[in-house]
1. Kindly provide the set of residues from the stretch 72-97 that are open to solvent by less than 30 Å² (accessible area, probe 1.4 Å), assigned to a helix (DSSP H, G or I) and more than 18 Å from residue 200 (Cβ to Cβ), ordered by number.
2. Which one is nearest to residue 51 (Cα to Cα), of the residues in the stretch 195-224 that are touching an Asp or Glu at 6+ places or on another chain (Cβ under 7 Å) and not acidic (Asp, Glu)?
3. Tell me, which residue of the stretch 263-290 that is within 12 Å of the ligand (Cβ to nearest atom) and exposed (fewer than 14 other Cβ atoms within 10 Å of the Cβ) is nearest to residue 241 (Cα to Cα)?
4. Considering only the stretch 135-163, how many residues are of a type outside the set (Val, Ile, Thr) and not in a helix (DSSP H, G or I)?
5. Against the condition modelled with pLDDT under 95, under 18 Å from residue 210 (Cβ atoms), basic (Lys, Arg) and open to solvent by 70 Å² or more (accessible area, probe 1.4 Å), how does residue 314 come out, does it pass?
6. Report, ordered by the first and then the second residue, all pairs with beta carbons closer than 7 Å, sequence separation of six or more or different chains, a first member in the stretch 274-291 that is within 30 Å of residue 18 (Cα to Cα), and a second member that is aromatic (Phe, Trp, Tyr) and more than 6 Å from the ligand (Cβ to nearest atom).
7. Considering only strands (runs of 3 or more DSSP E) fully contained in the stretch 177-251, which possess at least 2 residues that are within 16 Å of the ligand (Cβ to nearest atom) and in contact (Cβ under 8 Å) with a residue 60 or more places away in the chain?
8. Exactly one of these conditions fails for residue 298: (1) in contact with a Phe, Trp or Tyr (Cβ under 8 Å, 6 or more places away or on another chain); (2) under 19 Å from residue 25 (Cα atoms); (3) near the ligand (Cβ under 8 Å from one of its atoms). Give me its number.
Amino acid sequence: MNGVLLEINNLSRHFVTGGHTLKAIDELSLSLQTGEVLGIVGESGSGKTTLGRVAMRLLEPTSGSVLFEGRDIWKTRGKELKAIRRRMQMVFQDPFASLNPRMTIARNVEEPLIIHRLSGRAGRRLMVHEALDAVNLPSGCADRYPHELSGGQRQRAVIARALALKPALLICDEAVSALDLSVQAQILNLLTNLKAAFGLSYLFIAHGLNVVRHISDRVAVMYMGQIVECSETNELFEAPRHPYTEALISSLPDPGAGDTRRRIILKGDIPSLIEPPAGCRFHTRCIYAQDLCRHSAPALHAEAHPAACHFPLR
Ligand code: SF4
């Protein structure tokens, strides 16, 4: 690890709907080191996808800042912004929607190189070839159209397109969720290899805990627009401190006969983001909730393994 690549400070993103304000992200802070994979997990509605879009400059924040390599991506303009855009790339869940169906795979991969005016035609061809090679797409795929490829091959093509721009950061939003389990494992291994080969960093957003565990150096757990726990991956899975994390982990399939974990069934759904519960937002579903939790919001303190809980488990 070598310095902070991405820094998010007190970020909020609210949506006004039907006269109500929905707080999708609420005063969230995190940082990603160069060369690190930071996993972001949480149930649907936790705000993780909104976080990825704001970090990628696709959605404007209501307040707070996103610094990439020390520059505020929402304050930069012109050439500086274009350079930042090239160095931050996103891989979405649906590769079909990410690729132009009327272009061959090679042309899809070349397109961002043309937009960013990188190299001449011959140079671009070489860059496309290198990118497709790096993601192990069979050479015959270059001249095919997206619908002629399998789901896994299409996602490889999307990753190749991002890679061709030589980014520093990939924001992966449910990048393997739509794939079969065996293909998921292949793409996760590919991403791990590419990280090492190209010195990449990932913000890896997913609802699947096992997927995040497989690839991440650290994991941040989100609940109702906030991070409730953040830790080095093994520690988070072996010794969660926040009751929400404990419940999520307890829902994973039993790893073996020696496993003594008890299954914790979360009560009810995530409450409305329009009227979040007072105090700790998790208190309506927490099996450890006490009076204090109903009126006092716990903070996420800066420490090695922070958990936003008045009564952390460890
Ligand atoms: Fe549960 Fe209270 Fe901790 Fe919230 S603060 S997670 S309600 S114990």
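1. Residues satisfying the conditions are 81, 95.
2. Among them, the one singled out is 205.
3. 287
4. Residues in the stretch 135-163 being of a type outside the set (Val, Ile, Thr) and not in a helix (DSSP H, G or I): 7 in total.
5. So residue 314 fails the test.
6. What qualifies is 281/223; 282/223; 282/244.
7. Correct list: 218-223, 226-232.
8. (1) is the only condition that residue 298 fails.
The values are calculated or read from the model by the stated rules, or taken from the named source; none is laboratory data. All values reported here derive from a predicted model rather than from experimental measurement. Cβ atoms come from the backbone with ideal geometry, glycine included; neighbour counts cover every protein chain shown. These area figures cover heavy atoms from the full protein model, side chains too; ligands, DNA and RNA do not enter into them. Shrake-Rupley method; radii C 1.70, N 1.55, O 1.52, S 1.80 Å.
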